[in-house]
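The values are calculated or read from the model by the stated rules, or taken from the named source; none is laboratory data. These figures come from a predicted structure and were not determined experimentally. Positions of Cβ are generated from backbone atoms using ideal geometry, with glycine treated the same way; all protein chains shown enter the neighbour counts. All accessible areas refer to the heavy atoms of the entire protein, side chains included, with ligands and DNA or RNA removed. Shrake-Rupley method; radii C 1.70, N 1.55, O 1.52, S 1.80 Å.
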Amino acid sequence: MAYRILITAGPTREYIDPVRFITNRSSGRMGAALAAAARDVGLETVLVCGPVSIELPSGIEIIRVETAAEMASAVHRWAPESDLVIMAAAVADYRPVATLDHKMKKLPGKLVLELERTEDILGTLGSCRRPGQTLVGFAAETENLLTNAAGKLERKHLDWIAANLVADGFGSDTDTIELLGRGGEHFTLGPAPKSEVAAQLLSIVLGKKAEAKVI
Ligand code: CTP
């Protein structure tokens, strides 16, 4: 059987009303670069992608989603049959408690928006993964890069975590990633174009596993 990889990319949008939403600055470029790299080494590749304006790789299965809830259901649909899952998406941690049916009208004074947690998709995958499945998370941080990333690796029961400083990452064409493994491995990838960093990251997390299955 072919080696299957599921990658997520881009931001999510959490709607306040039909015309307003909460989102973040993720461009989707790293997820797209990982999907292209996976395709190039012959893996069966599924990309679950939030709203992005970049061109996505051809020759792969693409599922477009908007909200964290839509991303969660697409991931849960594809993850059980994936050997490797890389969550490069910047999934919103919170969404408005209610989405209004009509455009909100302004009123005098302040507005307080009530938010609730979204599902931690990667956390769910880490707590009920199938044997042999490899899980990779991303940690975009503005401070304490390695400590925060190591915490996520542990908390979400991951095999690898790819950590990058937001100052270098969002919107930029080059990247530097600190890749930490569950076994204490630590690789520094880049600074290099995202396509190169993605190919290096993929080859490390695949190790020898894919070769055996692809052929
Ligand atoms: N992630 C996810 N579902 C979410 C939020 C994040 O699957 N609702 C994934 C991201 O795709 C990324 C990893 O989890 O691979 C890190 O996300 P982050 O939000 O930074 O992790 P947290 O543990 O929530 O840490 P914190 O908010 O404290 O930075």
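Observations on the model:
- Positions within the range 120-177 being among the basic types (Lys, Arg), touching a strand residue (DSSP E or B) at 6+ places or on another chain (Cβ under 8 Å) and within 10 Å of the ligand (Cβ to nearest atom), in sequence order: 152, 156
- Looking only at the range 120-156, residues that are open to solvent by 50 Å² or more (accessible area, probe 1.4 Å) and in contact with a Lys or Arg (Cβ under 9 Å, 6 or more places away or on another chain) come to 4 in all.
- Scan of the range 16-40 for residues that are open to solvent by 20 Å² or more (accessible area, probe 1.4 Å) and more than 20 Å from the chain's Cα centre (by Cα), ordered by number: 16, 18, 19, 20
- Any hit, the range 166-178, residues being open to solvent by less than 60 Å² (accessible area, probe 1.4 Å), modelled with pLDDT of 95 or more and in contact with a His (Cβ under 9 Å, 6 or more places away or on another chain): yes
- The set of residues from the range 55-101 being among the charged types (D, E, K, R) and within 13 Å of the ligand (Cβ to nearest atom) comprises 70, 93, 95.
- Residues of the range 105-119 satisfying the condition of being open to solvent by 50 Å² or more (accessible area, probe 1.4 Å) and either part of a helix (DSSP H, G or I) or touching a residue at least 12 places away in the same chain (Cβ under 8 Å) (or both): 113, 114, 115, 116, 117, 119
- On the stretch given as the range 46-60, residues that are open to solvent by less than 10 Å² (accessible area, probe 1.4 Å) and farther than 30 Å from residue 100 by Cβ total 1.
- Sub-8 Å Cβ pairs linking a first residue in the range 78-92 that is surrounded by fewer than 20 Cβ atoms within 10 Å (Cβ to Cβ) to a second residue that is of a type in the set (Lys, Arg), at least 6 apart or interchain, are 80/130; 81/4, ordered by first then second residue.
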